[in-house]
Each structure stands twice: as C-alpha cells, then as structure tokens.
Amino acid sequence: MEAPKTQQPIALDPPREYLNYINGKWKPSRSGQWFENRNPADQDDLIGLFPLSTEEDVQEAVEAAREAFARWRRVPAPQRGAIVQRAGDILRARKEEIAREMTREMGKILLETRGDVQEGIDTAYYAASEGRRLFGHTVPSELPDKFNMTIRMPVGVAGVITPWNFPLAIPTWKIFPALVCGNTVVFKPAQLTPKTATTLVEILEEAGLPPGVLNLVHGSGSGVGAAIVRHPGVALVSFTGSTEVGIQISRMAADSLKRVSLELGGKNAVIIMPDADLELALEGVIWGAFGTTGQRCTATSRLILHESIHDLFLERLLERTLRLRLGNGLDPETEVGPLVSEAQRQTVDRYVRIGLEEGARLLCGGAPATEGALSKGWFYQPTIFTEVQPHMRIAQEEIFGPVLSVIRVRSLEEAIEVLNGTRYGLSSSIYTRNLQDAFYAIREIEAGITYVNAPTIGAEAHMPFGGVKQTGNGHREGGWEVFDFYTETKTVYIDYSGRLQRAQIDTERLSGEA
Ligand code: NAD
C-alpha cells in the first residue's frame, strides 16, 4: 500500500438538521430526537443531524401513502413515468454534486459514486419508458365471442428499506418502478446514508410528485424499518440488506401475507483457468475485490485459482495490491476509500483474526490503515489470504470489506464445486478463453449472475439483478422483471355473446356452433 499524500482541503457544506418527508411536508420526528451522520474518511466532519423517528412517524407516513394511493393509481402510467423521467433529468444535471455528497457520506471514491448516480439516471429513464408499456397479454378464449386479457394493477403502499453501500442506486431500483406501476411508497434508508436519500426525495418532489405518494422516514432498522414491515397498511416490502435481517423481515411480513422482495448477502467468487488472459483477470480481481472497499453485495471475496497459474497470478496480484492508494474518496488519486463505519472496520478485523486462527496465510494487509490523514477515518489495508480451505469461515461468510480469500483447485469441476459451496448465490465470474468451459460454467454455477471474462461487479440497470439460495427469495430487481413485483395481474374476460357461456362445460358445443 502506498503512503497517503497530504490531502488538499476539500470545501464541504456545513452540518444542518435534515427532516422526514411525510404527505408533502418536511418535518422532524415526533420523538424530537436526532442521530448524527459523519464522514467515514474523517470523523471530525459532521455532515448533519437526521430525525430518529418512531412508530408514530411511520403510522403518519403509511396513512398519507394510503390516501395518496387512491389518486395516484388512477394517474395514467405514462404520466407517472414522465415524473420519474424528470427526476432522471435532475439527477443528470446534479450528478457531480450528488456524487461528491455521497462520497463524503459513505466513503467510496468519486469514480464509483458517479457510477452510483448514473445507475439512478439509467433506472429513471428505463422505468419512465415502462410507463408506456406495462404490457399485459391478450389471449384467445376457448369460447366464441369472448375476449381474454390480463392487465397490471398497482399493489398499494410499498415499504422500501435500503442499505448504505449504494445510497442512491438501490433506492431508485425500488422507488422508480414502484411509482411508475402506480404504488405509493414509504422509504426508510440506511442510517449511514440519510443525506443521499434526502436528496433523492427532494428531486422527486421537484419533479412533480404529488404529496403523500413518496414518504421518507429516517431512523433505525429495529424502530422504523420493523414498524413499516409490520404495518397492516403496507402491501409489499422491498428490502436490500443482510441475510439475517432479510430472514427477520420475511418472518414479520408473514403475519399479514405481504409480498416481500429480498436482495441479501453474497460470497462471490472468481474462477481463473489456466488459459485465461491473466492481465485482464488481474484488473478484474482488483476492481472486484477492493472496489467500494469490498463493500458491494457483488464484491469478489473468493478467488479460485487453478493450480497451474496459482503462484504466478498471486505474485502479480500482490504487487498490484500493494500499490493501491488509500485515502479520502474525494481525492482523485484515491483508489480505495474507508470502510463505512467503525463497526464495519471491527467486523473486518475480527474476520482477519478468524482467518489466522483457521490457519489461512496472510499474504498482505490484515490491519487498519492509520498513517497520516488515514487515522481520521475507518481505513483498512487491502488484505489477501492464501491457502484458504473452502470450509473456513473466511471462505463461507460475508465479510463486506477489502478481504480476498484465495483457494487453489485442480480442475474446473472442483472450482465450480468450491464456488457453489456456500449458502449464498449472488454473483460469479470465470476467466477463460475456452468456450466449452465458459458455457459449462454458466450452466453449473449456482448464482443469479455469471460474468465471463469480467469481474463479479458491473450490473446494468436494464438487466435483472438478484441471487439464488440465501441471497434472496426469488425476485429480481432491475430490468423488466422488477415490474412483476410491483404489480398484481388482473385477468379480464369480456363476453360479448349475449348469452351464458360456461367455460369447460359449453366449450365443445358452442365452438361447433360458431
Ligand atoms: P442491514 O441488513 O444491516 O440493513 C439494511 C437496512 O435494513 C437498513 O436500512 C437497516 O436500518 C434496516 N434494518 C435493520 N434491521 C431491521 C429490522 N429488524 N427490520 C427492518 N429493517 C431493518 O444491511 P447493511 O449493513 O445496511 O448493508 C449491508 C448488507 O446488504 C450486506 O449483507 C450486503 O450483502 C447486502 N446488500 C445486498 C445487495 C443485493 O442486492 N443483494 C445489495 C447491497 C447490499
């Protein structure tokens, strides 16, 4: 790791009090309590105070959303889409400013926060255009003079609960399609990224969203999040976060049979075969493992190396990893920002101790990075473990930090067995020039996403996103599939025969008459 440069002073907004947004009004929590939001690269930098809301605030937000639903569901879908389109335009105009604010709030480097905003823009335009589709089916009837079709209906109030690692993109994945489909929303963002969430809501307000259609309630998961999930007035819940909380949400929602979409953890792996372009693979592994400081649900946390290139690849990987520049993500030279919080850094450090106890070999890193200006933030040295066995906890559990576990294998079959051997199944990747091996891997890998000759990260907004096994519960975000989650299918039969026609019973007789 290179020594950090002296940082240039960066002009920042002064701290202020931010508010909830309920029924078109910005207001504090009824609790009168607040929580702090600080820059993870510099703990002296207080970004603002946010309302620590309660169940009462959730109650008010759900009531507003329910009332607004009665009107919003009747607004033609292309018009709902037009508002989302305007939100996309505003995001585009403010991209740089929002990216900077996001880096300050959660630490990832500007290059990546720009990408986060771009994903929101892409999602806005894709969702807006869906307002002019939202296709149903027309299907022939088995009876004469009868017309069959399906139409999409909005579901009701959507509870949206999001994590901090994609503070803008993930909320837009949920909120934009929910709105275009005619649902209203109660949104609870992560407590570590309330500022970016507030900006998104301000933008939708400016874009012309009527009061009550989108409500923002800041606060804790166990307070506000759980109150949203349990509320009988909430029809569906879209959650992205850890598998543990996802399971709790599933249980809580079961009492009222809510529809729930869960996007949860991952333990994503890259396989590198002997015939791979090793330079290309190296860049992919560095980006996948240490981009966003390893805090992506799709981050590369396991590297599965074929024995014939194992030592050579590790040598190059180590050399490149040691050159990574850590620092404040607002500095354009920085390649790896801080972890999001002290707790996250403690978790990463705990896993490093576990790896050592399990007998893995520490190739580099393995400690907080504290030289110079880094001492003010939650930095951690990019860490690589070798000689990792597939059953070890560092190869099984999501660490969510810059820690890469390297596993040596003898064949593609073994590589895939290792890759599939965790409870998760989000993203995966194989580097090979062999077409047969690539297609074999695509078929055999248990994951929602498989990349060939690309890292485990890099989802595009118009493609379905999600995982198998304990990464989720079968739904997908992004692309066309998310619109299934936010709509109910209504099946419509129009009988214009003017007589009673009984399906199954009169079918043969009446068809003969036609
Ligand atoms: P988290 O599960 O701790 O929190 C996520 C959200 O849930 C936050 O808003 C939190 O306040 C809320 N929450 C916490 N407890 C709750 C409860 N009992 N009831 C309702 N809401 C509750 O996750 P995090 O630390 O914010 O994010 C990191 C996790 O998110 C990682 O596990 C990561 O893999 C996962 N993630 C998954 C995806 C994906 O698409 N699969 C994307 C990004 C992050």
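The values are calculated or read from the model by the stated rules, or taken from the named source; none is laboratory data. Computed from a predicted structure; not experimentally measured. Cβ atoms come from the backbone with ideal geometry, glycine included; neighbour counts cover every protein chain shown. In case anyone asks, the SASA skips ligands and DNA or RNA and just uses the protein heavy atoms, side chains included. Shrake-Rupley method; radii C 1.70, N 1.55, O 1.52, S 1.80 Å.
Residues in region 245-258: is at least one in contact with a helix residue (DSSP H, G or I) (Cβ under 8 Å, 6 or more places away or on another chain) and closer than 21 Å to THR450 by Cα? No, region 245-258 has no match at all. Checked against (1) open to solvent by 20 Å² or more (accessible area, probe 1.4 Å); (2) in a loop (DSSP other than H, G, I, E, B); (3) within 22 Å of ALA93 (Cα to Cα), GLY136 meets all criteria but (3).
Inside region 434-457, can you point out the residues that are of a type outside the set (Val, Ile, Thr) and without any contact (Cβ under 8 Å) to a residue 60 or more places away in the chain?
We begin by selecting, within region 434-457, every residue of a type outside the set (Val, Ile, Thr); these are 434-441, 443-444, 446-448, 451, 453-455.
Within region 434-457, LEU435, GLN436, ALA438, PHE439, TYR440, ARG443, GLU444, GLU446, GLY448, TYR451 qualify.
For residues that are in a strand (DSSP E or B) and in contact with a Leu (Cβ under 8 Å, 6 or more places away or on another chain), scanning just region 317-362, find the one that is nearest to ILE384 (Cα to Cα). Break it down stepwise before answering.
In the first step, residues of region 317-362 are kept if they are in a strand (DSSP E or B); the result is 325-326, 336, 361-362.
So of that shortlist, the ones also in contact with a Leu (Cβ under 8 Å, 6 or more places away or on another chain) come out as 326, 336, 362.
Details: LEU326: 16, VAL336: 15, LEU362: 6 Å.
Selected residue: LEU362.
Looking only at residues of region 384-428 that are assigned to a strand (DSSP E or B) and of a type in the set (A, V, I, L, M), we find that the one that is surrounded by the most Cβ atoms within 10 Å (Cβ to Cβ) is LEU404. In a loop (DSSP other than H, G, I, E, B) and in contact with a strand residue (DSSP E or B) (Cβ under 9 Å, 6 or more places away or on another chain): does that describe ALA438? Criteria not met by ALA438.
Here is a list: LEU314, LEU303. Which entry is touching a strand residue (DSSP E or B) at 6+ places or on another chain (Cβ under 7 Å), surrounded by 15 or more Cβ atoms within 10 Å (Cβ to Cβ) and part of a strand (DSSP E or B)? Steps first, please.
Values: LEU314 fails: part of a strand (DSSP E or B).
The conditions single out LEU303.
ALA289 falls short on exactly one of the conditions (1) of a type outside the set (D, E, K, R); (2) more than 10 Å from the ligand (Cβ to nearest atom); (3) assigned to a helix (DSSP H, G or I); (4) in contact with a helix residue (DSSP H, G or I) (Cβ under 8 Å, 6 or more places away or on another chain), and that condition is (4). Among the residues of region 457-514, those identified as under 30 Å from THR422 (Cβ atoms), part of a helix (DSSP H, G or I) and either open to solvent by less than 40 Å² (accessible area, probe 1.4 Å) or of a type outside the set (S, T, N, Q) (or both) are LYS469, THR471, VAL482, ASP484, PHE485. Kindly indicate whether any position in region 327-350 is β-branched (Val, Ile, Thr), over 28 Å from the mean Cα position of the chain (by Cα) and open to solvent by 10 Å² or more (accessible area, probe 1.4 Å). No, region 327-350 contains no residue that is β-branched (Val, Ile, Thr), over 28 Å from the mean Cα position of the chain (by Cα) and open to solvent by 10 Å² or more (accessible area, probe 1.4 Å). Scanning region 159-209 for residues that are among the charged types (D, E, K, R), more than 10 Å from the ligand (Cβ to nearest atom) and farther than 18 Å from TRP72 by Cβ, we see that the one that is farthest from the chain's Cα centre (by Cα) is GLU202.
Scanning region 210-246 for residues that are within 10 Å of the ligand (Cβ to nearest atom), open to solvent by less than 30 Å² (accessible area, probe 1.4 Å) and β-branched (Val, Ile, Thr) returns VAL224, ILE228, VAL229, VAL237, THR240, THR243. Considering only residues in region 14-28 that are touching a Gly at 6+ places or on another chain (Cβ under 7 Å) and in contact (Cβ under 8 Å) with a residue 60 or more places away in the chain, the one that is least open to solvent (accessible area, probe 1.4 Å) turns out to be TYR18. Tell me, yes or no, whether region 384-406 has at least one residue that is over 20 Å from LEU339 (Cβ atoms) and of a type in the set (Asp, Glu). Scanning region 384-406, I find at least one residue that is over 20 Å from LEU339 (Cβ atoms) and of a type in the set (Asp, Glu), so the answer is yes.
Restricting region 251-265 to residues that are under 20 Å from the mean Cα position of the chain (by Cα) and outside any strand (DSSP E or B), the residue that is surrounded by the most Cβ atoms within 10 Å (Cβ to Cβ) is LEU264. The residue that is surrounded by the most Cβ atoms within 10 Å (Cβ to Cβ), among those in region 363-378 that are touching a Gly at 6+ places or on another chain (Cβ under 8 Å) and outside any helix (DSSP H, G or I), is GLY377. When residues in region 464-480 are screened for being away from the ligand (no atom under 11 Å from the Cβ) and under 24 Å from ASP122 (Cα atoms), 4 of them pass.
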